[in-house]
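Peer 1: Got a structure for you, questions after.
The values are calculated or read from the model by the stated rules, or taken from the named source; none is laboratory data. Note that this is a predicted model, so its numbers are computed, not measured. Neighbour counts run over all protein chains shown; Cβ positions are idealised from the backbone, glycine included. The area values use the complete protein model at the heavy-atom level, side chains included, leaving out ligands, DNA and RNA. Shrake-Rupley method; radii C 1.70, N 1.55, O 1.52, S 1.80 Å.
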Amino acid sequence: MDVGGQTGPMCVAVINLKGGVGKTTIAALLGRYAAANMNLDVLAIDLDAQANLSQAYMWRRYRKFVESSQPSIVEVFSGMHPPGPGKPSPTQLDVEDTVVSVGKWRNGGRLDLIPSRFDFSKHLTESLKPDESVLAKCIATHFQEKDLILIDCAPTESVFTTAAYHASRYVLVPVRPEFFATIGFPLLQQSLEGFRQKNKGHKIDVVGVVVNNAFYDGGNEGGPEKRRSLKDIRTEATANGWKLFRNELPHSRGFPKRMRGDYRHPGNSVRFSHFAREFYKRLGLEKKA
């Protein structure tokens, strides 16, 4: 689609090579915001074997999805349906069969998901060497009508991290202000530089670093340890040439509800919209009429 002057979808990988920073929460909320508030056609891709994004978006449907062996990101990488009940041989994959509808809005916004399964990385790495360009080829062939693609990545470097890079124009780095907050920054910088060296025709940049769980309501900013961590984050991000987003995210019990689409009693989770607007403005994405 042509949104804000772009042709084809804007592809962003949400990643930090350190766990527990809230990347899945941020990816999920960015997807919902773009569809509901910007009228965009969004595809979220769960590239993490923990499948937290899939569980958040599918909620009660996820257990049935796993039990029914419906196609997922696993089949996108393998390229076929394996033999199973009523299928005595492998069958060709229709990529559309992997897409799960999360929601459609009257304004034209739409949110879809390619879900993950718990056996994702084990199944693929033990059975075959995944093609690092599979995801990029899939997007190029099947999803050019989308406005935005968000890829939720695992916090460990692997062939799937490289696959996310191949598919992405930008990287968003969430971080929490805590002890060892920046331990993943050098790893991610080295990972990106290694990818750039091997793929000189591919332009991939860090769109920014977002500080998650930065403060609590009521004036509690987290004390001296959090202040020291924030200083480390700013120093390390500057050294890498990464910009911090001005809008930081609060600690909020409302975020898990919003991930599922429940906007009752939102509390301070409404502040997420400030970051979302800044994020999409930096990407150059605009609200569709």
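Peer 1: For segment 1-92, with every protein chain kept in place, what is the accessible area per residue (1.4 Å probe, Å²)?
Peer 2: 40
Peer 1: Leaving out same-chain residues fewer than 8 places away, which lysines sit with a Cα under 21 Å from that of Lys287?
Peer 2: Cross-link targets: Lys104, Lys146.
Peer 1: A follow-up question, please. Just to be sure I understand: of the beta bridges DSSP finds with both ends in the chain, what percent are antiparallel, rounded to 5?
Peer 2: Here the share of antiparallel DSSP bridges comes out near 25 percent.
Peer 1: Another question, if that's okay. In vacuum, with every alpha carbon of segment 136-289 counted as one equal point scatterer, what does the Debye formula give for log10 I(q)/I(0) at q = 0.16, 0.20 Å⁻¹? Two decimals, please.
Peer 2: Debye curve over Cα of segment 136-289, log10 I(q)/I(0) at q = 0.16, 0.20 Å⁻¹: -1.07, -1.44.
Peer 1: Let me ask something else about it. Given the C-alpha centroids of segment 91-118 and segment 138-188, what is the distance between them in whole angstrom?
Peer 2: 19
Peer 1: Same structure again: Can you compute the charge dipole magnitude of segment 149-289 about its Cα centre, using +1 on each Lys and Arg Cβ and -1 on each Asp and Glu Cβ, nothing else charged? Give it in debye, rounded to the nearest 20.
Peer 2: With only Lys, Arg, Asp and Glu charged at Cβ, the dipole is about 500 debye.
Peer 1: How would His142, His81 rank on accessible area, largest to smallest, probe 1.4 Å?
Peer 2: His142, His81
Peer 1: To the nearest 10 square angstrom, what accessible area does His251 show with a 1.4 Å probe?
Peer 2: In the full protein context, His251 sits at about 70 Å².
Peer 1: Moving on to the next point. Computed on alpha carbon atoms, what radius of gyration and Dmax characterise segment 36-161, expressed in Å?
Peer 2: 14.6, 46
Peer 1: Per q in 0.16 Å⁻¹, report the Debye log10 I(q)/I(0) for the chain, using one uniform scatterer on each alpha carbon and no solvent.
Peer 2: -1.35
Peer 1: Still on this structure: Round to a whole number: what % of the accessible area of the chain belongs to carbon and sulfur, probe 1.4 Å?
Peer 2: Here carbon and sulfur together make up 51 percent of the probe-accessible area.
Peer 1: Compare Gly84, Gly31, Gly19 in a GNM of the chain, Cα atoms joined below 10 Å, and give the one with the largest fluctuation.
Peer 2: Gly84
Peer 1: Among residues other than Ile151 whose Cβ falls under 14 Å from its Cβ, what is the net charge (Lys/Arg +1, Asp/Glu -1)?
Peer 2: -2
Peer 1: Treat every Asp and Glu Cβ in the chain as -1 and every Lys and Arg Cβ as +1, leave all other atoms uncharged, and give the resulting dipole magnitude about the Cα centre to the nearest 20 debye.
Peer 2: With only Lys, Arg, Asp and Glu charged at Cβ, the dipole is about 840 debye.
Peer 1: Leaving ligands and nucleic acids out of the surface, order Val21, Val270 by accessible area at 1.4 Å, largest first.
Peer 2: Val270, Val21
Peer 1: Could you compute the net charge surrounding Asp205? Neighbours are other residues with a C-beta less than 13 Å from the C-beta of Asp205; K and R count +1, D and E count -1.
Peer 2: Taking every other residue near Asp205 into account, the sum is +4.
Peer 1: Please find, in a Gaussian network model of the chain (springs between Cα atoms separated by less than 10 Å), the residue of Cys11, Cys138, Cys153 whose mean-square fluctuation is greatest.
Peer 2: Sorting by GNM fluctuation, first place goes to Cys138.
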